[in-house]
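Asks: Let me give you the structure first, and then I'll get to my questions.
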Amino acid sequence: MAKVIDFKLSKKLDHIAFIMDGNGRWAKLRGLPRHLGHKKACEKIRGIFECCDDLGIKVVSLYAFSTENWSRPQDEIDHLMDYLEEFLARELPAFISRGAKLLISGDLSRIRPKTRQACLDAVEKTKDGKGAILNICLNYGGRDEIVRAARKLARRVQEGGLEVEDIDEKMFASALWHDLPDVDLMIRTSGESRLSNYLLYQLAYAELLFTPTKWPDFDEDKLIECLKEYEGRNRRYGGLTNE
Ligand code: IPE
Ligand code: IPE
Ligand code: MG
């Protein structure tokens, strides 16, 4: 059952994005192999997602595996894929009963067949969900996504179906992996203060929040602390104060 939260959001927050970082360091601090940090990390996702959903947040993006993460040892990559499959098998019924819809952003063709199939099945089983969206970024890179969108639109121009002058920011956004609302708040755990190629187009005006907590220690209470900080931010969008 989802944790009961005594907090209400007053600021617009349609899309929250997480960089779930610090799993390896969490494990190392406990004398455990790095992969057990990833296992623990996957166990934290459902509570965070349900809390966001209960607060009325429509889209939750998670950075699960970057285009740069292929440079890790194969053994770690294999464990990450194992845990993703376990996560989907374990959590899908609860996501479906909430009416949640699962999306994958990233090129699945490079993902091993078993994991790819588990992702495709989960997407198919939740495709009619009218509730919150869980957008899992897998083999995802922000630059890769932008280049692919540019190619997609260029192809349409080449085929004669689109005028160059008709390409605007909105159309470009619709050519990304999914046409999702702009990110309002991006939270990165583990103390690192960088984007690591995450949602570069969608983060243009997001509030960025970096917390030292490692993802396996991140929970609903820590999330609420972050949301309280977000509530205090003054989002000016280049204009003068609007609060
Ligand atoms: C994030 O945790 C998970 C992935 C990148 C897949 P890390 O594995 O990067 O953990 P640290 O940053 O090494 O502690
Ligand atoms: C970003 O974390 C990617 C994911 C959380 C999936 P990394 O740990 O891979 O990023 P860097 O290497 O610190 O930039
Ligand atoms: Mg890391």
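The values are calculated or read from the model by the stated rules, or taken from the named source; none is laboratory data. What you see is a predicted model; the values in this text were computed from it and never measured. Virtual Cβ from ideal backbone geometry, glycine too; neighbours counted across all protein chains shown. Heavy atoms of the whole protein, side chains included, go into the accessibility calculation; ligands, DNA and RNA do not. Shrake-Rupley method; radii C 1.70, N 1.55, O 1.52, S 1.80 Å.
Asks: So is R30 farther than 30 Å from P181 by Cβ and away from ligand 2 (no atom under 11 Å from the Cβ) or not?
Replies: It is true that R30 is farther than 30 Å from P181 by Cβ and away from ligand 2 (no atom under 11 Å from the Cβ).
Asks: Here is a further query. Mind counting the residues in the range 39-82 that are under 25 Å from W177 (Cα atoms), assigned to a loop (DSSP other than H, G, I, E, B) and either of a type in the set (V, I, T) or more than 11 Å from ligand 1 (Cβ to nearest atom) (or both)?
Replies: Summing the residues that are under 25 Å from W177 (Cα atoms), assigned to a loop (DSSP other than H, G, I, E, B) and either of a type in the set (V, I, T) or more than 11 Å from ligand 1 (Cβ to nearest atom) (or both) in the range 39-82 gives 4.
Asks: Could you check the range 133-243 for strands (runs of 3 or more DSSP E) lying wholly inside it with 1 or more residues that are under 23 Å from A100 (Cα atoms)?
Replies: So the answer is 133-140, 185-188.
Asks: Got a sec? Which of C137, C119 is closer than 23 Å to K40 by Cα and touching a Gly at 6+ places or on another chain (Cβ under 7 Å)?
Replies: C137
Asks: Now a separate question. Report yes if R188 is closer than 30 Å to D219 by Cα, open to solvent by 30 Å² or more (accessible area, probe 1.4 Å) and within 16 Å of ligand 2 (Cβ to nearest atom), otherwise no.
Replies: No: the conditions fail for R188.
Asks: Within the range 19-67, track down each residue that is over 16 Å from the mean Cα position of the chain (by Cα), away from ligand 3 (no atom under 16 Å from the Cβ) and touching a residue at least 24 places away in the same chain (Cβ under 8 Å).
Replies: Scanning the range 19-67 gives D54, L55, G56.
Residue-by-condition table, conditions (1) more than 24 Å from A206 (Cβ to Cβ); (2) surrounded by 14 or more Cβ atoms within 10 Å (Cβ to Cβ):
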{"residue": "K8", "(1), (2)": "no, no"}
{"residue": "K11", "(1), (2)": "no, yes"}
{"residue": "G31", "(1), (2)": "yes, no"}
{"residue": "E43", "(1), (2)": "yes, yes"}
{"residue": "R46", "(1), (2)": "no, yes"}
{"residue": "D54", "(1), (2)": "no, yes"}
{"residue": "D82", "(1), (2)": "yes, yes"}
{"residue": "G99", "(1), (2)": "yes, no"}
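Asks: Checking A94 against (1) within 16 Å of ligand 3 (Cβ to nearest atom); (2) open to solvent by less than 70 Å² (accessible area, probe 1.4 Å); (3) in a helix (DSSP H, G or I), which single condition isn't satisfied?
Replies: It fails just one condition, (1).
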